[in-house]
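To start, the structure itself, in structure tokens.
The values are calculated or read from the model by the stated rules, or taken from the named source; none is laboratory data. What you are looking at is a predicted structure, and each value in this text was computed from that prediction instead of being measured. As a convention, Cβ positions derive from the backbone with ideal geometry for all residues, glycine included, and neighbour counts pool all protein chains shown. Just so you know, the surface numbers come from the protein's heavy atoms only, side chains and all, with ligands and any DNA or RNA stripped out. Shrake-Rupley method; radii C 1.70, N 1.55, O 1.52, S 1.80 Å.
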Amino acid sequence: ALLSSTKTDKKTKLTWFVVVLSCVAAIGGFLFGYDTGVVSGALIKLKADFHLSDSDQEWIVGIAVAAAALGAMLGGITSNSLGRKPTLILASFFFTLGSVLLFTATTFHLLLAGRLVLGLGVGLASMVVPAYIAESSPAVYRGTLVTMFGATICSGQFIASVVCGAFSEVHEGWRWMLGIAMVPSVAMGVGMLLLPESPRYLVSGLDLGLQFVTLNLSKIEKNSLNLEYDAMIQLIHTSVQVE
């Protein structure tokens with residue numbers, strides 16, 4: 001069985017659908033990196049415009065980290081109860097709302113609110129993006145595709161430094177530094193609306209029907225379902241017969 005599985009995996013082709021799915025989900029990693037990195041440059045401008053004390057600056061940075069910890073805990077709950085896809089859509093909503101709040105902020109408390117909301121998005125993404133990519137990828141490519149999450153975090157932090165430098169001399173440039181993240185967050189939300197749920201989550205539901213799960217699996221592997229997915233389908237067959 002192990003040799004058969006290995007041969008099947010080698011014949012499995014990586015489809016464009018899986019690549020696009022992974023890229024869209026990995027936007028969550030990019031936003032993770034961007035929103036945690038951009039604050040270092042934005043604080044320089046914020047301190048002058050809002051006359052922030054050292055304590056105020058600590059709150060702006062720390063509240064996002066605290067919210068991310070909470071979001072990570074909630075991510076485990078929502079991904080199991082609602083699904084991976086709805087949780088990532090919720091994360092993109094938090095990313096977008098947080099960016100809008102920061103872009104339009106006129107008071108210190110609005111800045112805190114925006115950072116708190118962003119932190120929730122970071123926490124949800126950190127928990128669910130790797131799981132969604134792993135569960136939606138053929139086994140032979142799974143490790144490679146999941147590393148996209150880490151790579152996009154680093155790229156997000158790099159882009160954040162570039163954006164901060166670009167807007168460092170612009171009047172109220174901090175608004176653009178913090179608000180421009182709404183563009184990729186909206187793209188992530190729209191993309192996730194068009195993508196299917198994780199096959200493994202569908203299997204765990206057991207009440208969605210064999211046809212629906214098979215349809216989602218066939219999008220991931222265009223030519224055939226490998227042994228791993230065959231096993232998941234067999235599990236659904238068994239559960240339907242029992243019921």
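Using a 1.4 angstrom probe with every protein chain in place, what is the largest-first accessible-area order of V146, V163? Show your work: numbers first, answer last.
Working: V146 40, V163 20 Å².
I get V146, V163, largest accessible area first.
Can you tally the net charge around L101? Count Lys and Arg as +1, Asp and Glu as -1, for every other residue whose Cβ sits under 14 Å from the Cβ of L101.
Working: positive: R115, R175; negative: D35.
Value of the local net charge: +1.
Expressed as a rounded percentage, what relative contact order does segment 62-148 have, with Cα pairs under 8 Å and six or more residues apart?
Over segment 62-148, the number comes to 41 percent.
Less than 14 Å Cβ to Cβ from F167, Lys/Arg counted +1 and Asp/Glu -1: what total charge do the surrounding residues give?
Details: positive: K45, R175; negative: D49, E169, E172.
Once positives and negatives cancel, what remains is -1.
Which semi-axes, in whole Å and largest first, does the equivalent ellipsoid of segment 8-60 have when worked out from the alpha carbon gyration tensor as the square roots of 5 times its eigenvalues?
They are 44, 9, 6 Å, listed largest first.
Between T147 and S55, what is 0.36 nm times their sequence separation minus the Cα-Cα distance? Round to one decimal in nm. Mind dumping the intermediate values first?
Numbers: separation 92, 0.36 × 92 = 33.12 nm, distance 3.64 nm.
Using 0.36 nm per residue and subtracting the Cα-Cα distance, I get 29.5 nm.
Could you please put V18, V140 in sequence from largest to smallest accessible area, using a 1.4 Å probe? Write out the running numbers ahead of the final one.
Numbers: V18 0, V140 70 Å².
Result of the area sort, largest leading: V140, V18.
Any idea how far apart F158 and T15 come out in nm if each label point goes 7 Å out from Cα toward Cβ?
Taking the two extended label points, one gets 3.1 nm.
How large is the convex hull of the Cα atoms of segment 24-95 per residue, expressed in Å³ as a whole number? Write out the running numbers ahead of the final one.
Numbers: hull volume 6.3 nm³, N = 72.
Convex hull volume per residue, Cα atoms: 87 Å³.
On full extension of the chain, what length is gained from M73 through E172, given 0.36 nm per residue of separation minus the C-alpha to C-alpha distance?
Numbers: separation 99, 0.36 × 99 = 35.64 nm, distance 3.48 nm.
Value of the extension gain: 32.2 nm.
Measure out, as a whole number of angstrom, how far apart the alpha-carbon centroids of segment 29-43 and segment 87-164 sit.
10
Please give, to one decimal in nm, the separation of the simple spin-label points placed at A139 and L193, each 7 Å out from Cα toward the Cβ.
Result for the modelled spin labels: 3.6 nm.
Where does each of V24, V129 land when they are ordered by accessible area, with a 1.4 Å probe and the largest first? Could the numbers behind the result be given before it?
Numbers: V24 25, V129 0 Å².
Largest accessible area first, the list is V24, V129.
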